Every structure is written in C-alpha cells, then in structure tokens.
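Report on the following structure.
The values are calculated or read from the model by the stated rules, or taken from the named source; none is laboratory data. Since this is a predicted model, take the numbers as computed values, not measurements. Every residue, glycine as well, gets a Cβ built from its backbone with ideal geometry; the counts of neighbours run over all protein chains shown.
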Amino acid sequence: MTEILKVEQLSEQIFRVRLDAPRIAKKRKAGQFVIIRVNADGERVPLTIANANASEGWIELIVQAVGPSTKELSLKKEGDSIADLAGPLGMPTEVGKVGRVLCIGGGVGVAPLYPIAAAFAEAGNEVISIIGARSQDILILEEEMKAISKELHVATDDGSSGFKGFVTDIFQKLIADGQHFDEAVVVGPPIMMKFTSKMTVAAGIKTVASLNPIMVDGTGMCGGCRVMVDGEAKFACVDGPEFDAAKVDWDGLLNRLSGYKKIAEAHHQCRVGLDE
Ligand code: FES
C-alpha cells in the first residue's frame, strides 16, 4: 500500500497526485515512470514521475481521469492509499550540457516534459519552452514550466491563453526571429509529436520525442507501445520512452494507434495521446 499525500485538481479531468514514495523519490531520474495499481485487482497504469522531492520522500504524478482506475484515483483524498506502486522504470533522459534546449509540450504531455526540462535547466542549459493545449482550462504546469525556462511561450487552439494557434506556429516564429537551438525535446499526442518533430528535425535540431503517451500497461508485454525506430521494432516502456524523433516511423505508429484505440476503449484503457 502506498499512501496518498495530496490530490489537487489542475483542470476538469487532470489531477496531480502526491504519493509517499521515499525510495523512488531518491532513485528516480528525469524521463522515468512508475506503474501504479489503484486496487489489487485493477489495471496497471504507467505514469511519468512529474516531480519528486528526495528529502521529503514524495513523488508526484499527473493523472488524466479517463479510465476506471484513473477516475478512481482522482477521487481519492489525502490519507487514502493505492494498492501498489513500482518504479522507477524506463530509461532516464540523457541530460548533457548542450546549450540552448527547446522543450515543446502538448496537452497532458507537458507533465512528462516538465521533469525533463527541469533536468536540462539544472544541468546548466538555457531552456526555451513552448506549451500548448486546446484551451486554457486544459493547459497544465504553466507556472512550473515558467520557473525553469528562460522563455515560456504558450499556444492554445482557441486563443484563450497565449498565442492563438499551435506550438508549431510559435516554433516557426522563433526560427524566423533567428533563434537557434542545440537540442529539442517533444512530448504530446503522437500527431503533435509527428508534425512538431518534422519541423525541428528539418531545422537541423537534434530532437528527442518521449513516447510516454502511447504506453498502456508499461510492462513490455501488452505490445501497446510498439514502434518502429530506424527500422527496428522497439517498445516505448522498455527501450524508451525517449527516442530520436528523426528515426521514429510516425505514420506507422499513428496507423497502428488508430486501430488500437478502438481495442483500448473497449478495454477501458483509453489513455492520453491515443485519442488526439
Ligand atoms: S506499454 Fe505495454 S508493452 Fe509497453
């Protein structure tokens, strides 16, 4: 059993859950995730560690309440518990001192992006961030991203916050303004990652995409996160979640996900990123 220390609602369907997890808080690195089970007989849900505090012994997860387990978790209160928690899992982000790092996040993808951006900032890089969402009410972690970024740009499809348009529009503007970037990190719905990374790669920027949003059970067994990278089959939960965006077969991934979405919905496992 793992104790819940705090549940905070960030938007209509998105919650931040703080768990008592001292060992994971100490060991975890940016880019890694945990698997939780809300009940002993419940489904396994992989979630990125969005934040952690090693001295206070907690980790934070951002949960979109879309399936039975995540909905149940969102209704928990301080002092309640979840059945189990495993982690940290996944390969940590390779964080070097590279110079100017562009961090682009879409929708709930800003949750896995935040710890990566924070690690780049901590390593002495200049972090420029672009975050986007359909509208302001589903824009998350704006304050947190602002705190670790030299510049934060916000885009919403409906113009309710920041620039009216897409993260790619802001990227084009930054390039047109003469900004240069040494590396880019992109996290969000697969379609957004496809188009965004196409642009950053075309601009000659080494780009890493986190395929965290396509994971289903996080165990390497369900096959839900299979993706072709440089002609080889990989699993986001075991070999990733981060890959060189230039080598990801985005069209193959999107095709498979559109078929998989129907199965996932039937199993009540529809997770963030499959439906956008
Ligand atoms: S999430 Fe199931 S195999 Fe990776």
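Per-structure values
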| read-out | value |
| --- | --- |
| Whichever residue in the stretch 7-21 is of a type in the set (A, V, I, L, M) and in a strand (DSSP E or B) and, among such residues, is surrounded by the fewest Cβ atoms within 10 Å (Cβ to Cβ) | VAL7 |
| Candidates ILE24, ILE4, ILE36, ILE49 - the one that is at negative phi, part of a strand (DSSP E or B), touching a residue at least 60 places away in the same chain (Cβ under 8 Å) and out of contact with any helix residue (DSSP H, G or I) (no Cβ under 7 Å at 6 or more places or on another chain) | ILE4 |
| Residue tally, condition in contact with a Leu (Cβ under 9 Å, 6 or more places away or on another chain) and either within 23 Å of PHE120 (Cβ to Cβ) or surrounded by 22 or more Cβ atoms within 10 Å (Cβ to Cβ) (or both), over the stretch 26-37 | 4 |
| Condition check for VAL66: assigned to a strand (DSSP E or B) and either crowded, with 22+ Cβ neighbours inside 10 Å or not aromatic (Phe, Trp, Tyr) (or both) | no |
| Output for the stretch 143-152, where each listed residue is surrounded by fewer than 21 Cβ atoms within 10 Å (Cβ to Cβ) and in contact with a Leu (Cβ under 8 Å, 6 or more places away or on another chain) | LYS146 |
| Hits in the stretch 176-197 (condition: in a loop (DSSP other than H, G, I, E, B) and surrounded by fewer than 24 Cβ atoms within 10 Å (Cβ to Cβ)) | ASP177, GLY178, GLN179, HIS180, PHE181, ASP182, PRO189 |
| Qualifying position, being in a loop (DSSP other than H, G, I, E, B), in the same structural domain as THR207 (by TED's automatic domain parsing) and buried (at least 20 other Cβ atoms within 10 Å of the Cβ), among ILE130, ILE116, ILE104, ILE140 | ILE140 |
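Per-residue answers, yes or no, for (1) assigned by TED's automatic domain parsing to the domain that holds GLY42; (2) within 27 Å of ALA86 (Cβ to Cβ); (3) of a type in the set (Gly, Ala, Ser); (4) in contact with a strand residue (DSSP E or B) (Cβ under 6 Å, 6 or more places away or on another chain):
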{"residue": "ALA176", "(1), (2), (3), (4)": "no, no, yes, no"}
{"residue": "SER197", "(1), (2), (3), (4)": "no, no, yes, yes"}
{"residue": "PRO213", "(1), (2), (3), (4)": "no, yes, no, no"}
{"residue": "ASP217", "(1), (2), (3), (4)": "no, yes, no, no"}
{"residue": "ASP239", "(1), (2), (3), (4)": "no, yes, no, no"}
